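The values are calculated or read from the model by the stated rules, or taken from the named source; none is laboratory data. Worth saying up front: this structure is predicted, and the values here are computed from it rather than measured. We place every Cβ from the backbone using ideal geometry, glycine too, and count neighbours over all the protein chains shown. For accessibility, only protein heavy atoms count, side chains too; no ligands or nucleic acids. Shrake-Rupley method; radii C 1.70, N 1.55, O 1.52, S 1.80 Å.
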Amino acid sequence: MTAHFPGEPGPIGVFDSGYGGLTILHGIRQLLPDYDYIYLGDNARAPYGPRSFDIVYEFTRQAVRKLFEMGCHLVILGCNTASAKALRTIQTNDLPGWDDSRRVLGVIRPTAEVIGRLTRNNHVGLLATEGTVRSHSYDLEIRKLWPALRVTGVACPFWVPLIEYNEADSPGADYFVKKRIDELMRKDPMVDTIILGCTHYPILMPKILKYVQPGVRIVPQGEYVADSLKSYLERHPDLESRCTRKGTCRYYTTESAEKFTESARTFLRKDVNVEHIDLE
């Protein structure tokens with residue numbers, strides 16, 4: 001049965017379990033500044049990385065439904081864990097019953113689409129959360145499009161807390177960044193391109209570049225997700241016409257607004273106005 005969501009045009013929704021999706025939102029707004037956006041962070045229940053498939057699916061489902069209720073016709077899961085563990089089920093099981101004219105997109109497919117053109121020798125590394133690595137979502141998506149590529153994944157469990165506790169620039173962060181990069185290169189010394197498969201990780205870019213070998217390409221996701229969204233809107237004019245264009249952006253968090261504002265500075269380098277919201 002079709003759900004009762006607002007029918008008039010509305011903003012584009014961007015969802016993340018925490019703050020990392022702000023890097024995706026920033027990339028999208030750089031390329032598509034005229035649209036309206038809502039950013040929703042489920043910060044009170046982050047991180048999603050260690051959680052089970054069922055829990056990530058239920059939390060993501062709640063967030064997508066809330067964004068639809070707030071007027072969004074298109075929602076981007078700016079979270080690799082949600083994209084890996086929940087996207088396909090929401091698209092297959094929930095959208096037909098809610099409103100099959102609305103769309104939910106993730107961040108894994110856009111990166112998979114371009115990675116074969118970025119690697120020179122078909123050896124690709126993936127640095128991501130435990131949940132994303134264990135889901136094998138990148139391996140599966142890349143294999144569909146670039147069957148000759150070899151993908152080697154390494155989980156980086158301490159990277160997100162380092163970033164969210166504003167320790168990304170600290171000397172202690174060097175140990176954890178170097179440790180995981182070294183582990184990746186031991187697994188496959190031929191890796192020439194590394195996907196940052198968590199939207200937090202671009203904040204660690206200075207340290208990542210410090211410890212990778214010269215010539216290894218680092219692939220953050222923001223620009224590729226933005227390019228993919230632009231192409232998607234051009235190919236789906238009916239959906240594009242239901243996205244409002246006043247250049248606004250509203251921020252919501254399931255945590256305290258004060259805490260979100262403080263942490264968001266790390267990702268956006270500016271203060272934002274944010275409101276608390278409940279998903280359950």
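Axis angle, to the nearest 10 degrees, between helix 53-69 and the longest C-alpha principal axis of the chain: 40 degrees. Note on residue 145 and residue 3: with the Förster distance fixed at 35 Å, the Cβ-Cβ geometry gives a FRET efficiency of about 0.60.
Note on region 195-280: semi-axes of the ellipsoid equivalent to its C-alpha gyration tensor, largest first and rounded to whole Å, are 28, 24, 11. Solvent-accessible area per residue in region 205-272 equals 56 Å², computed with a 1.4 angstrom probe and all protein chains kept.
As a ratio to 2.2 N^0.38 Å, the alpha-carbon radius of gyration for region 1-75 is 1.17. Extents of region 7-50, taken as max minus min of Cα coordinates on every principal axis and listed largest first, are 35, 27, 12 Å.
Estimated purely from DSSP H runs of n ≥ 4, each contributing -39500 (n - 2.57), the mean residue ellipticity at 222 nm for the chain is -13000 deg cm²/dmol once divided by its residues. How would region 120-276 be classified by its alpha-carbon gyration tensor: rounded, prolate or oblate, with rounded meaning a/c under 1.5 and the a/b versus b/c comparison settling the rest? Oblate, since a/c reaches 1.5 and b/c is not below a/b. Computed with a 1.4 Å probe on the full set of protein chains, the accessible area for residue 190 sits at about 110 Å². Ordered by 1.4 Å accessible area with all protein chains kept, 146, 159 run largest first as 146, 159. Paramagnetic label reach from residue 120 (point 7 Å along Cα→Cβ; backbone nitrogen cut-off under 11 Å): within region 135-173, no residues. The accessible surface of the chain, taken with every protein chain in place and a 1.4 Å probe, is 50 percent carbon and sulfur. Compared with the dominant principal axis of the Cα atoms in the chain, helix 108-118 is inclined by about 40°.
Would you mind checking the tilt of helix 257-268 against the longest principal axis of the Cα atoms of the chain, expressed as 0 to 90 degrees and rounded to 10? The two axes meet at around 50 degrees. In this simple spin-label approximation, residue 88 and residue 26 carry label points 7 Å from Cα along the Cα→Cβ vector, and these lie 3.1 nm apart.
Rounded, prolate or oblate: which fits the chain, taking a ≥ b ≥ c as square roots of the Cα gyration tensor eigenvalues, rounded meaning a/c under 1.5, else prolate when a/b beats b/c? Prolate shape, in that a/c is at least 1.5 and a/b is the bigger ratio.
Taking every protein chain into account, the accessible area of region 116-191 amounts to 52 square angstrom per residue (probe 1.4 Å).
Defining a contact as two alpha carbons under 8 Å apart and six or more residues distant in sequence, what relative contact order in percent does region 1-103 show? Worked out over region 1-103, it gives 42 percent. With 25 Å as the limit, write out which pairs from 246/270; 187/207; 144/230; 207/230; 144/187 have Cα-Cα distances beyond it, or answer none. Those over the limit are 207/230.
Accessible surface calculations at 1.4 Å, restricted to protein heavy atoms, place region 1-103 at 35 Å² per residue.
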